[in-house]
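Have a look at the structure below before the remarks.
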Amino acid sequence: MSVQEYLDKHALSRKIEDAVNAAVRAKTSDPVLFIANHMKKAVSSVITKVKARQIIDSRGIPTVEVDLHTNKGVFRASVPSGDSSGTYEAVELRDGDKEMYLGNSVAKAVKNINEKISEALIGMDPKLQAQIDQAMTDLDKTEKKNELGANAILAVSIAACKAGAAEKEVALYKHLSDLSGRANMTLPVPAFTVLSGGNHASNNFAIQEIMILPVGAARFEEALQWGSETYHHLKAVITEKIGNLGCNVGEDGGFAPDISSLKEGLELVKEAINRTGYNDKIKIAIDVAATNFCIGTKYDLDIKSSEKSGQNFKSADDMIDMYKQLCAEYPIVFIEDPFDKEDWEHTKNFSSLGICQVVGDDLLMSNSKRVERAILESSCNALLLKVNQIGTVTEAIEVVKQARDAQWGLVTSHRCGETEDSFISDLSVGLATGVIKAGAPCRGERTMKYNQLLRIEEELGDQAVYAGEDWRQSL
């Protein structure tokens with residue numbers, strides 16, 4: 001084949017002429033680079049390869065990482081993991097071989113990506129997120145993604161989302177906003193973990209975490225500053241009152257002193273906020289995770305103390321009285337999982353009081369059927385969004401829409417086993433969830449989520465909107 005025949009076969013003469021004309025119109029100083037980029041943009045992107053590997057998360061436990069290749073680049077994603085898997089959430093596939101990472105290795109999930117998912121997705125357009133996610137769901141054929149593993153499917157789903165944004169030449173948060181059909185994007189209020197307990201720390205504190213929300217800040221950058229300052233003031237308060245050992249941290253980076261009660265923890269946080277001088281501009285939230293210390297229908301707030309456990313049970317009504325008192329004494333704006341995950345009745349009773357926002361995590365597990373029930377029964381009024389409980393980006397967008405249509409609040413959340421992936425930062429902005437939980441303002445796998453939000457705010461410039469006092473109004 002001659003050169004001319006080759007040019008004619010692929011219509012290259014016209015394409016090259018178009019690229020040169022574009023370079024002339026742009027008056028570019030580097031025509032070769034401009035023409036090369038112009039020609040590259042003219043080629044539609046498709047998925048050419050999907051390669052997975054096993055990495056470890058912030059707890060030293062294996063998880064899945066994916067490199068998704070297109071003819072425009074390579075896009076990486078890794079998935080987090082929780083300390084437990086709920087009955088109603090998508091299944092995280094692990095090998096169960098006690099000789100490998102104590103049974104926690106994810107070689108099967110990695111193999112499913114490299115041998116099954118990759119083959120199914122090659123040639124697909126990365127912009128078509130819903131079609132990609134549906135292809136994987138169809139390949140799995142189970143309701144909870146038992147076959148391929150939600151950890152396998154989600155890693156690919158997030159990587160494809162990043163590739164789709166790159167193909168459109170827009171930021172990831174803008175692509176997510178487009179996928180959700182929303183026009184407005186909002187920087188979320190960070191709910192910083194400052195005290196850790198429950199399953200996330202080795203102290204005797206049964207409550208999972210106490211958080212602070214800088215709702216009075218004008219920008220996310222200022223909110224991050226206030227959160228960091230409060231965190232360090234809290235360290236000083238704990239050192240003074242309890243000692244240096246009280247400054248050890250839990251899995252999310254919150255301090256983990258041995259405190260005797262929720263009220264004692266709230267007093268420590270209140271003192272730290274007072275020292276910052278921001279006072280009423282910083283609010284408090286609590287993740288009770290009550291399922292972890294529910295025994296039958298009673299709650300043992302001393303369950304982690306070998307000396308006190310079993311001596312002072314509280315009924316669900318007692319818990320409501322305690323929450324009412326604490327909300328009257330402290331600036332608490334939301335309580336997460338105040339009761340056992342199957343105690344719909346008392347969750348509803350407490351929500352109906354309107355004292356604070358009631359966030360469903362273990363109650364809902366980001367499961368659309370559980371969310372539907374909670375909406376119908378008015379059980380709670382906010383969704384904690386954990387993408388790995390669902391398994392795909394598309395399903396995450398759908399459950400957020402479901403909650404938003406019910407005029408619920410929305411909280412995007414990390415997991416205790418995190419990675420160096422900051423996807424949830426872009427997700428929280430693109431879906432305008434109002435609040436993001438990403439742990440303490442320390443530890444790299446946590447701070448990179450907050451640092452990504454700083455970059456997004458900077459990139460948006462004058463168009464950046466911080467949720468601030470309107471954090472509940474994520475409609």
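The values are calculated or read from the model by the stated rules, or taken from the named source; none is laboratory data. As the structure is a computational prediction, the values presented were derived from the model and not from experiment. Cβ placement follows ideal geometry from the backbone for every residue including glycine, while neighbour counts extend to all protein chains displayed. To get the accessible areas, we keep the full protein, side chains included, count just its heavy atoms, and leave off ligands, DNA and RNA. Shrake-Rupley method; radii C 1.70, N 1.55, O 1.52, S 1.80 Å.
What do you reckon, is residue 199 assigned by the TED database to the domain that holds residue 227 and within 21 Å of residue 362 (Cβ to Cβ)?
yes
Looking at the structure I just gave you, is residue 151 open to solvent by 40 Å² or more (accessible area, probe 1.4 Å) and in contact with a helix residue (DSSP H, G or I) (Cβ under 8 Å, 6 or more places away or on another chain)?
no
Among the residues of the range 452-459, are any farther than 26 Å from residue 197 by Cβ, free of Cβ contacts under 8 Å to residues at least 60 places away in the same chain and not charged (D, E, K, R)?
The answer is yes; a qualifying residue exists.
Could you list, in sequence order, the residues of the range 231-248 that are in contact with a Lys or Arg (Cβ under 8 Å, 6 or more places away or on another chain) and either at pLDDT below 95 or open to solvent by less than 60 Å² (accessible area, probe 1.4 Å) (or both)?
236, 237, 247
Residue check, residue 440 against (1) farther than 16 Å from residue 213 by Cα; (2) touching an Asp or Glu at 6+ places or on another chain (Cβ under 9 Å); (3) aliphatic (A, V, I, L, M), all met but one. Which one?
With respect to (1) farther than 16 Å from residue 213 by Cα; (2) touching an Asp or Glu at 6+ places or on another chain (Cβ under 9 Å); (3) aliphatic (A, V, I, L, M), residue 440 is out only on (1).
Given (1) modelled with pLDDT of 95 or more; (2) within 21 Å of residue 368 (Cα to Cα), identify the lone condition not met by residue 88.
Single failed check for residue 88: (1).
Residue-wise test of (1) without any contact (Cβ under 8 Å) to a residue 24 or more places away in the chain; (2) in the same structural domain as residue 210 (by the TED database); (3) assigned to a loop (DSSP other than H, G, I, E, B).
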position	(1), (2), (3)
326	no, yes, no
335	no, yes, no
341	no, yes, yes
347	no, yes, no
351	no, yes, no
354	yes, yes, yes
363	no, yes, yes
366	no, yes, yes
374	no, yes, no
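Of all residues in the range 388-407 being over 18 Å from residue 185 (Cβ atoms), in contact with a helix residue (DSSP H, G or I) (Cβ under 9 Å, 6 or more places away or on another chain) and in contact (Cβ under 8 Å) with a residue 60 or more places away in the chain, which is surrounded by the most Cβ atoms within 10 Å (Cβ to Cβ)? Before the answer, list the steps.
Of the residues in the range 388-407, the ones over 18 Å from residue 185 (Cβ atoms) are 388-392, 394-395, 398-399, 402, 405-407.
From what is left, the residues that are in contact with a helix residue (DSSP H, G or I) (Cβ under 9 Å, 6 or more places away or on another chain) are 388-392, 394-395, 398-399, 402, 405-406.
Checking the rest, the ones that are also in contact (Cβ under 8 Å) with a residue 60 or more places away in the chain come to 388-392, 394-395.
Numbers: 388: 26, 389: 26, 390: 25, 391: 29, 392: 26, 394: 21, 395: 23.
The qualifying residue surrounded by the most Cβ atoms within 10 Å (Cβ to Cβ) is 391.
Among the residues of the range 264-282, what is the count of those that are in contact with a Phe, Trp or Tyr (Cβ under 9 Å, 6 or more places away or on another chain) and over 15 Å from residue 234 (Cβ atoms)?
The qualifying residues number 1.
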